[in-house]
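Peer 1: One structure is given below, represented as structure tokens, and several questions about it will come after.
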Amino acid sequence: MRRAISNRAFILGFVVVLFILLASLPLLASQYAVILLTSVFMYIIITVSWTMFSGPTGYISLAPAAFFGVGVYTSALLGLSLPLPAVIGIGGLGSFCLALLVGALTLRLKGIYFVMFTFGLVELLLHFIIWWEVNITGTTGRMVPTVSNTTVYYLMLTVFTVLMFTTYFIRRSKYGLALQSIGEEEEAAAHTGINVTALKIITFAVSAFFMGAAGAIMATRWTYIDPRIAFNPLLSFMPVLMAIFGGMGQLYGPIIGAAIFTYLEEFLITRFPYHYMLIFGIIMVLAIVYLPDGVVGLLQKLWKRIPGRKHADT
Amino acid sequence: MPILEGKGMSKSFGGLAAVSNVDFHVEQGEILGLIGPNGAGKTTLFNLISAALVPKSGTIRFKGINITGLKPYKICRMGVARTFQAVKIFGHMPALDNVMLGSYFGMTPGLSSKDAVREATELLEFAGLSALKSTPAKDLTLANQKRLEVARALATKPELLLLDEMMAGLNPTEIAQAMELVTKIQDKGITIVMIEHVMKAIMKVCERIMVLHHGQKIAEGTPREIATSETVIKVYLGERARAGGS
């Protein structure tokens, strides 16, 4: 018991120190580090919010790119007329509402049908907006008002912090347990008094909120966007790969996965610009074959193997 | 007034009438047995009561209130809980969490986690599973998984419990234990409807039995009446069988 308490105090202390370090980073580190970490946080936000819904329920959503794109376009449309925090909030809310609507229509679909529909949503929005821009407004791309790299970094860090609190709260609450029960036996969950439909739709929408917010922030760094940049299908697959790579059993799994993956991407793109996708793919295949529980699973396995550790933490 | 009453219940799958025009009633505090050959429509009737399926026609009243067409979670929160023929447990969760979900989301929502743990622990003890509370549900034996389903159902604090073949696949000792559990649940004041193929158990535990055949109700009565009914013996127990009773 005492050990558990001191463990918790240790983790809390660690998180606080880490947070202070991250918050003071722009003062200490280079511009490059700030920009790289902004990308890392963007992927972490998308991956953690994806895991919030798809992890426990097993409904694999390929819609992140759609929700992210809604945020990007909100920034492009409202960036000049509203202050940035309001734009981010509206971007998140836009995705939230879209997810409510889509969730209500599709969360009765199971397995591969749900996967296909969510991916279809990305394509649908992409082509709808291309059509709209070409035929109605007569443009193909838009400029987004920019802000400094440090501001973008702090905004990402803020959204990340709110997301971590939300995820932590959900995982610890009875709703976290209920989401897991939906993934295990949805029918039994419904007959145990859980309003499965409402819970699925709301969680789906909450996760979409954070993706939209991340999109709205990220757009300001890109300065120019068009539908193909905003609704990039790769952004739908990345969170899935990152979450699998990191391991979904623990809260920090998707964070580690996203962080390593983003850094890896950056590293490979700069060193092997022509082969990076190929190398990336090979690493992914190896990870799925040899790390079924992700990096976190591997770490836990190694931790247990250290002699004398085996009984210490039970 | 009966606690549960169904009038003219019908349900068909394609051209097959799984349940056709069945009237039934369950009295407060009793144990009603539901028997019939495979495919007679017993589980379909359970699915209609618990709203897993929507009836083609008919109305169901629970404590006088029309509950036809409500969602499963609403039915559960009104006080009707069920178990499943093929166990549907939350396999990767510890037994305790399985039961806690019932406490959290059943008839009394808004329970603190402390109270939910206490309640779930008590129910696991009631079901004889206290030693296994942190075991993942998938690692339990079939008999214990069935008990776990019962504990989870009880955690929602039902007034009416629907048990779907709780004894199927159990050995004689486990059946005896299951029968004991059913009686203990009745002693708590909970009304029970049970589907069962284990004749010995149903004859001994139930106060009243209803027989379904090809989706129709063909008989209803005390265990003795059912065991001696010509129709029932012919369609269900076989020509020469004289089961039950004794």
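The values are calculated or read from the model by the stated rules, or taken from the named source; none is laboratory data. Computed from a predicted structure; not experimentally measured. Cβ atoms come from the backbone with ideal geometry, glycine included; neighbour counts cover every protein chain shown.
Peer 1: Can you tell me which condition A:Y113 does not meet? The list is (1) closer than 22 Å to A:T150 by Cα; (2) touching a helix residue (DSSP H, G or I) at 6+ places or on another chain (Cβ under 9 Å); (3) among the hydroxyl-bearing types (S, T, Y); (4) surrounded by fewer than 23 Cβ atoms within 10 Å (Cβ to Cβ), and all the others hold.
Peer 2: That leaves (1) as the condition not met.
Peer 1: Identify, please: which residue in segment B:139-184 is part of a helix (DSSP H, G or I) and small (G, A, S) and is, among those, farthest from the chain's Cα centre (by Cα)?
Peer 2: The extreme case among them is B:A176.
Peer 1: When segment A:16-53 is examined, which residues are found to be among the small types (G, A, S) and modelled with pLDDT of 95 or more?
Peer 2: Answer for segment A:16-53, where residues must be among the small types (G, A, S) and modelled with pLDDT of 95 or more: just A:S49.
Peer 1: Out of the residues in segment B:127-138 that are assigned to a loop (DSSP other than H, G, I, E, B) and in contact with a strand residue (DSSP E or B) (Cβ under 9 Å, 6 or more places away or on another chain), state the one that is surrounded by the fewest Cβ atoms within 10 Å (Cβ to Cβ).
Peer 2: Checking each candidate, the answer is B:S134.
Peer 1: Mind listing whichever residues of segment B:97-108 are surrounded by fewer than 23 Cβ atoms within 10 Å (Cβ to Cβ) and of a type in the set (A, V, I, L, M)?
Peer 2: Of everything in segment B:97-108, just one residue is surrounded by fewer than 23 Cβ atoms within 10 Å (Cβ to Cβ) and of a type in the set (A, V, I, L, M), namely B:M107.
Peer 1: While we're on this one: Identify, by number, the condition in (1) modelled with pLDDT under 90; (2) β-branched (V, I, T); (3) within 12 Å of the chain's Cα centre (by Cα) that A:I244 doesn't meet.
Peer 2: Only one criterion in (1) modelled with pLDDT under 90; (2) β-branched (V, I, T); (3) within 12 Å of the chain's Cα centre (by Cα) is unmet by A:I244, namely (3).
Peer 1: Answer yes or no: is there a residue in segment B:185-200 that is within 30 Å of B:L111 (Cβ to Cβ), within 16 Å of the chain's Cα centre (by Cα) and small (G, A, S).
Peer 2: Yes - at least one qualifying residue is present in segment B:185-200.
Peer 1: Considering each residue of segment B:201-212, count those that are assigned to a strand (DSSP E or B) and over 14 Å from the mean Cα position of the chain (by Cα), and give that number.
Peer 2: 3
Peer 1: Restricting attention to segment A:142-196, which residues are within 14 Å of chain B (Cβ to nearest Cβ), crowded, with 16+ Cβ neighbours inside 10 Å and in contact with a Lys or Arg (Cβ under 7 Å, 6 or more places away or on another chain)?
Peer 2: A:I182, A:E185, A:A188, A:H191, A:T192, A:G193
Peer 1: Does B:L142 count as more than 28 Å from B:I3 (Cα to Cα), buried (at least 19 other Cβ atoms within 10 Å of the Cβ), touching an Asp or Glu at 6+ places or on another chain (Cβ under 9 Å) and not assigned by TED's automatic domain parsing to the domain that holds B:E30?
Peer 2: It is false that B:L142 is more than 28 Å from B:I3 (Cα to Cα), buried (at least 19 other Cβ atoms within 10 Å of the Cβ), touching an Asp or Glu at 6+ places or on another chain (Cβ under 9 Å) and not assigned by TED's automatic domain parsing to the domain that holds B:E30.
Peer 1: Do any residues in segment B:194-223 that are on the phi > 0 side of the Ramachandran plot have Cβ atoms under 6 Å from those of residues that are assigned to a strand (DSSP E or B) and surrounded by 21 or more Cβ atoms within 10 Å (Cβ to Cβ), where the two are at least six apart or on different chains, and which pairs are they?
Peer 2: B:G215/B:A18; B:G215/B:V19
Peer 1: Assigned to a helix (DSSP H, G or I), more than 8 Å from every other protein chain (Cβ to nearest Cβ) and either in contact with a helix residue (DSSP H, G or I) (Cβ under 7 Å, 6 or more places away or on another chain) or over 24 Å from B:Y104 (Cβ atoms) (or both), is that true of A:T139?
Peer 2: Taking the combined requirement at face value, the residue does not satisfy it.
Peer 1: Sticking with this one: With respect to A:I194, determine if the residue is among the hydrophobic types (A, V, I, L, M, F, W, C) and part of a loop (DSSP other than H, G, I, E, B).
Peer 2: For A:I194, the condition - among the hydrophobic types (A, V, I, L, M, F, W, C) and part of a loop (DSSP other than H, G, I, E, B) - is met.
Peer 1: What residue, of B:E165, B:E180, B:E122, B:E149, is of a type in the set (D, E, K, R), at negative phi and in the same structural domain as B:K200 (by TED's automatic domain parsing)?
Peer 2: The conditions single out B:E180.
Peer 1: If the requirement is being over 13 Å from the mean Cα position of the chain (by Cα), surrounded by fewer than 21 Cβ atoms within 10 Å (Cβ to Cβ) and free of Cβ contacts under 8 Å to residues at least 24 places away in the same chain, which of these qualifies: A:A23, A:A29?
Peer 2: Answer to the check: A:A29.
Peer 1: Next question. Counting only residues that are surrounded by 18 or more Cβ atoms within 10 Å (Cβ to Cβ) and of a type in the set (F, W, Y), how many does segment A:116-141 have?
Peer 2: Total satisfying the criteria: 2.
The rows are residues; the columns are (1) within 15 Å of A:T161 (Cα to Cα); (2) of a type in the set (S, T, Y).
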position: A:L27; (1), (2): no, no
position: A:V48; (1), (2): yes, no
position: A:S54; (1), (2): no, yes
position: A:T57; (1), (2): no, yes
position: A:S61; (1), (2): no, yes
position: A:A65; (1), (2): no, no
position: A:G71; (1), (2): no, no
